[in-house]
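Undergrad: I am attaching a structure below and will ask some questions about it afterwards.
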Amino acid sequence: AQTVTQSQPEMSVQEAETVTLSCTYDTSESDYYLFWYKQPPSRQMILVIRQEAYKQQNATENRFSVNFQKAAKSFSLKISDSQLGDAAMYFCAYRSEASGTYKYIFGTGTRLKVLA
Amino acid sequence: GAVVSQHPSWVICKSGTSVKIECRSLDFQATTMFWYRQFPKQSLMLMATSNEGSKATYEQGVEKDKFLINHASLTLSTLTVTSAHPEDSSFYICSARALTGAFFGQGTRLTVV
């Protein structure tokens, strides 16, 4: 079975600085997607970024980028120029493409605090 | 695009009653929707996968008779918590599968008193 691990329950970053959130996963599959979701206090889950496993190039979305290391099964999120609005819970998620169910497996989350 | 609306946002019900939560994909058709439960300061736990026109697939340990799921159309899935008890109090979130990924509703906070 697939698992997703986020080993940092909480992180803090100074406004305008850069922070990296860690995520590792375990799978025997070769075809999958990885995601980072943000859950602010409103608890609305918001897609931050996604990465297809077959793509070697790391995904980027404005200030958000990932470091995808397939062999190491690592998928970290880097937030540059952190803003107060980035404060939220961040969940790493795995989605299998092989099973056809499109189920998502979420990590336990990392709470990001942004300090003014 | 890819907006998912969940209703109600919060509900309080008496123990023993049933509560229905709706999940709608507003601007796309979703053949597959998912229902999650989230306990305070914890991750999302998948309860069931809802497929349009067929029976839902429940995760291990989830009581299908307590959590009734209906996916009667391509834009609507409902979760009914039957004979609710205080231990059913939680935050329930739905998501709908779109081409670019899954999009989430805003969640429903259920409190059973």
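Undergrad: Between the alpha-carbon centers of region A:32-47 and region B:41-105, tell me the distance in whole angstrom.
TA: Their Cα centres are 18 Å away from one another.
Undergrad: Any chance you could get the radius of gyration and Dmax over the Cα atoms of region A:1-109, in Å?
TA: 13.5, 41
Undergrad: Now, a different point. Rounding to the nearest 20 debye, state how big the charge dipole of region A:23-116 is about its Cα centre with +1 on each Lys and Arg Cβ and -1 on each Asp and Glu Cβ.
TA: 260
Undergrad: Picking from B:Gly53, B:Gly101, B:Gly16, which is most flexible by a Gaussian network model of chain B using Cα springs under 10 Å?
TA: B:Gly101
Undergrad: Magnitude of the Cβ-charge dipole of the protein assembly as shown, K/R +1 and D/E -1, about the Cα centre, nearest 20 debye?
TA: 240
Undergrad: Hey, what's region B:3-113 come to in accessible area per residue, 1.4 Å probe, Å²?
TA: Computed with neighbouring chains in place, this is 49 Å² per residue.
Undergrad: Heavy-atom accessible area per residue, chain A, 1.4 Å probe: how many Å²?
TA: Per-residue value: 48 Å².
Undergrad: Between rounded, prolate and oblate, where does region A:36-99 land on the alpha carbon gyration tensor, with a ≥ b ≥ c its root eigenvalues, rounded for a/c under 1.5, else prolate if a/b exceeds b/c?
TA: Cα axes put region A:36-99 in the oblate bin.
Undergrad: Further question on the same structure: Placing unit charges on C-beta atoms (Lys and Arg positive, Asp and Glu negative, everything else neutral), compute the dipole magnitude of chain B about its Cα centre in debye, rounded to 20.
TA: 120
Undergrad: Work out the charge dipole of the protein assembly as shown with +1 on the Cβ of Lys and Arg and -1 on the Cβ of Asp and Glu about the Cα centre, then indicate which of B:Gln6, A:Leu47, B:Leu110 is farthest towards its positive end.
TA: Farthest towards the positive pole: B:Leu110.
Undergrad: How about region B:35-74: which of its residues lose at least 50 Å² of accessible area in the presence of all protein chains relative to their chain isolated, using a 1.4 Å probe?
TA: Listed by number, the residues meeting the 50 Å² cut-off are B:Ser43, B:Leu44.
Undergrad: Give the dimensionless ratio obtained when the Cα radius of gyration of chain B is divided by 2.2 N^0.38 Å.
TA: 0.99
Undergrad: Report the residue, chosen from A:Ser74, A:Ser28, A:Ser12, that carries the largest GNM mean-square fluctuation when chain A is represented by alpha-carbon nodes joined by springs under 10 Å.
TA: Looking only at A:Ser74, A:Ser28, A:Ser12, the largest GNM fluctuation is found for A:Ser28.
Undergrad: Now, a different point. Counting only protein heavy atoms and rolling a 1.4 Å probe, how much accessible area do A and B lose on contact, total for both sides, in Å² to 100?
TA: Interface between A and B: roughly 1600 Å².
Undergrad: Taking the DSSP beta bridges in chain A as the whole, what percent of them are antiparallel, to the nearest 5?
TA: In chain A, DSSP labels about 90 percent of beta bridges as antiparallel.
Undergrad: In addition: Considering only DSSP states other than H, G, I, E and B, which trypsin sites (Lys or Arg not before Pro) in region B:7-113 qualify as loop sites with at most 10 other Cβ atoms within 10 Å?
TA: Filter output for region B:7-113: B:Lys14, B:Lys41.
Undergrad: Anyone know which of A:Thr60, A:Thr18, A:Thr101 comes out most mobile in the 10 Å Cα GNM of chain A?
TA: Fluctuation is largest for A:Thr101.
Undergrad: Debye sum, Cα scatterers, the protein assembly as shown, no solvent: what log₁₀ I/I(0) at q = 0.11, 0.12, 0.18 1/Å?
TA: Taken in order of the listed q values, log10 I(q)/I(0) reads -0.56, -0.67, -1.35.
Undergrad: If you wrap a convex hull around the Cα atoms of region B:28-89, how much volume per residue is inside, in Å³?
TA: 91
Undergrad: What chymotrypsin sites (Phe, Trp or Tyr not before Pro) in region A:25-64 are in a loop by DSSP, with at most 15 other Cβ atoms within 10 Å of the Cβ?
TA: Loop-located and lightly packed - A:Tyr54.
The values are calculated or read from the model by the stated rules, or taken from the named source; none is laboratory data. Every value quoted in this text rests on a predicted model; they were computed, and no experiment measured them. Glycine also receives a Cβ, built like all others from the backbone with ideal geometry; neighbour counts cover every protein chain displayed. Note: areas computed on protein heavy atoms with side chains; ligands, DNA, RNA excluded. Shrake-Rupley method; radii C 1.70, N 1.55, O 1.52, S 1.80 Å.
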